[in-house]
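The values are calculated or read from the model by the stated rules, or taken from the named source; none is laboratory data. Not measured: the values here are computed from a predicted model. Cβ coordinates were reconstructed from backbone atoms using ideal geometry, including for glycine residues, and neighbour counts include every protein chain displayed.
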Amino acid sequence: MIQDREIFEKLKNGDGQAISDIMARYERLLWKIVNAVLGKSGSVEDAEECVADVFIELWKEPEKFDPEKGSLKTWLSMRARSLAVDRYRKIKRLEHDTLDALEVEGTDPESEVIRSEELRILNDALGKLQDIDREIIERRYLDEQTPKEISLATGIDVKKVRNILFRAKQKLTESTVIKGI
């Protein structure tokens with residue numbers, strides 16, 4: 001079997017077959033990584049675009065990969081995870097903006113004002129959390145991911161994910177925003 005260094009050298013020299021060989025070897029791995037990060041939030045098209053973007057980046061700018069710093073497999077995996085995290089954040093930001101823009105129909109004005117104020121307080125409280133704490137809270141309670149799924153998606157140990165969830169819930173409860181998550 002041809003080694004990664006040989007394939008990469010062919011790629012740098014413009015050999016189109018090299019990118020096909022790399023894709024054949026690593027596409028399944030990248031799909032698993034991207035799907036673990038996106039979870040239920042992303043569509044198949046989101047995952048497909050992330051995986052394709054990794055290979056396109058390698059094809060167009062092979063100098064971004066330095067074989068002296070690590071393996072091609074590691075570089076591809078890290079790029080896939082990074083692109084998937086960016087995509088996940090974009091999806092969540094769009095969902096958040098969409099939820100904020102929705103108006104509740106059929107409610108009385110008083111209920112609407114109360115609901116709006118509660119959402120504002122909740123958004124403010126979540127905004128005060130560190131990015132990783134907020135991401136883990138959103139994954140757990142909005143996306144309904146298990147701590148193990150969150151661990152796989154973020155690369156954080158399961159025990160640490162549980163600790164972050166516990167501390168973040170305490171912070172939110174102390175601010176009297178959320179009771180009994």
Whichever residue in the range 28-51 is under 11 Å from the mean Cα position of the chain (by Cα) and assigned to a loop (DSSP other than H, G, I, E, B) and, among such residues, is nearest to LYS92 (Cα to Cα): SER41
What's the number of the only condition in (1) surrounded by fewer than 19 Cβ atoms within 10 Å (Cβ to Cβ); (2) at pLDDT below 90; (3) within 17 Å of THR154 (Cα to Cα) that ARG5 fails to meet? (3)
Scan the range 131-165 for residues that are small (Gly, Ala, Ser) and buried (at least 21 other Cβ atoms within 10 Å of the Cβ) and jot them down. ALA153
Would you mention how many residues in the range 50-90 are buried (at least 16 other Cβ atoms within 10 Å of the Cβ) and in contact (Cβ under 8 Å) with a residue 24 or more places away in the chain? 19
Output the residues belonging to the range 9-22 that are touching a Leu at 6+ places or on another chain (Cβ under 9 Å) and within 15 Å of ASP53 (Cα to Cα). ILE19, ILE22
Do you know which of the residues in the range 1-27 that are hydrophobic (A, V, I, L, M, F, W, C) and in a helix (DSSP H, G or I) is nearest to GLU68 (Cα to Cα)? PHE8
So which residues in the range 63-121 are at pLDDT below 70 and not in a helix (DSSP H, G or I)? LEU102, GLU103, VAL104, GLU105, GLY106, THR107, ASP108
Name the residue that is modelled with the highest pLDDT, counting only residues in the range 132-181 that are closer than 13 Å to ALA36 by Cα, among the small types (Gly, Ala, Ser) and part of a helix (DSSP H, G or I). SER151
When you scan the range 9-26, how many residues do you find that are surrounded by 16 or more Cβ atoms within 10 Å (Cβ to Cβ) and closer than 30 Å to ILE156 by Cα? 4
